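Remarks on the structure that follows.
The values are calculated or read from the model by the stated rules, or taken from the named source; none is laboratory data. Everything numeric in this text was worked out from a predicted model, so none of it was measured. Every residue, glycine among them, receives a Cβ derived from its backbone with ideal geometry; neighbour counts consider all protein chains shown. Quick note on the areas: whole protein, heavy atoms, side chains included, nothing else; ligands and nucleic acids left out. Shrake-Rupley method; radii C 1.70, N 1.55, O 1.52, S 1.80 Å.
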Amino acid sequence: MERTYVMVKPDGVQRNLVGEIISRFEKKGLKIAALKMLQITRELAERHYGEHKGKPFFEPLVEYITSGPVVAMVLEGKDAVSTARDMMGATNPLKAAPGTIRGTFGMDIGRNVIHGSDAVESAGREINIFFAPEEIIEYKRATDSWIY
Ligand code: RTP
Ligand code: MG
């Protein structure tokens, strides 16, 4: 089963959207395999967003993602990476489809509420950065065998 790394960014936490966002993924059928709140350090931010180093938005991005606590999770399910990305919507909330998380809750590309891995490979990398293996729980839900 595929896994993805999803994170409610500091603005999502400040705006009390944590429950709403987790609820959307739960209702969709994605399984929560790991979940925690943490304060991202500069070092961790630079690792996580390493692909953007040198871009004009890199420094503001690091400041944004370290500006307050985030809620990090591993979600599991069929095509988890693309399913979660579709539910989040486009990077720029003004371009994100209505009904998506960013399309519903965002107004600014620099305050876009949520992060989700963009590929299976980056999901593996990001899960490793944020979670120790023992923090990821394998379990069965009552509904797994006959709905999902
Ligand atoms: P994320 O990694 O946070 O899930 O977002 P994403 O894949 O949709 O977008 P990505 O290209 O990876 O960019 C990472 C984050 O950087 C900020 N950004 N600002 N001002 C700009 O042009 C700009 N471009 C990107 C956004 O906060 C984006 O989520
Ligand atoms: Mg990205």
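Brief remarks follow.
- Share of carbon and sulfur in the accessible area of the chain stands at 54%, probe radius 1.4 Å.
- The chain, dipole about Cα centre (Lys/Arg Cβ +1, Asp/Glu Cβ -1), debye to the nearest 20: 360
- In a fully extended conformation the segment linking GLU135 and GLU2 would gain 46.2 nm over its present Cα-Cα distance, using 0.36 nm per residue.
- Of ILE137, ILE127, ILE114, the one that fluctuates the most in a GNM where the chain has Cα springs shorter than 10 Å: ILE137
- Mean residue ellipticity (222 nm) of the chain, computed from DSSP H runs ≥ 4 via -39,500 (n - 2.57), nearest 500: -10000 deg cm²/dmol
- Using every pair of distinct Cα positions in segment 2-137, the Kirkwood expression returns a hydrodynamic radius of 14.8 angstrom.
- Amide H to amide H distances under 5 Å link GLU2 with GLY77, ASP79, ALA80, where only residues 5 or more positions off or on other chains count and H is placed in the peptide plane.
- Ranked by the mean number of other Cβ atoms within 10 Å of their residues, highest first, the peptides 17-28, 49-60 come out as 17-28, 49-60.
- Listed pairs LYS78/LYS140; LYS53/LYS78; LYS9/LYS95 exceeding 23 Å between Cα atoms: LYS53/LYS78
- Residue (of PRO98, GLN14, MET73) at the positive-pole extreme of the chain, dipole from beta-carbon charges: PRO98
- Alpha carbon centroid spacing (whole Å) that separates segment 83-133 from segment 41-56: 16
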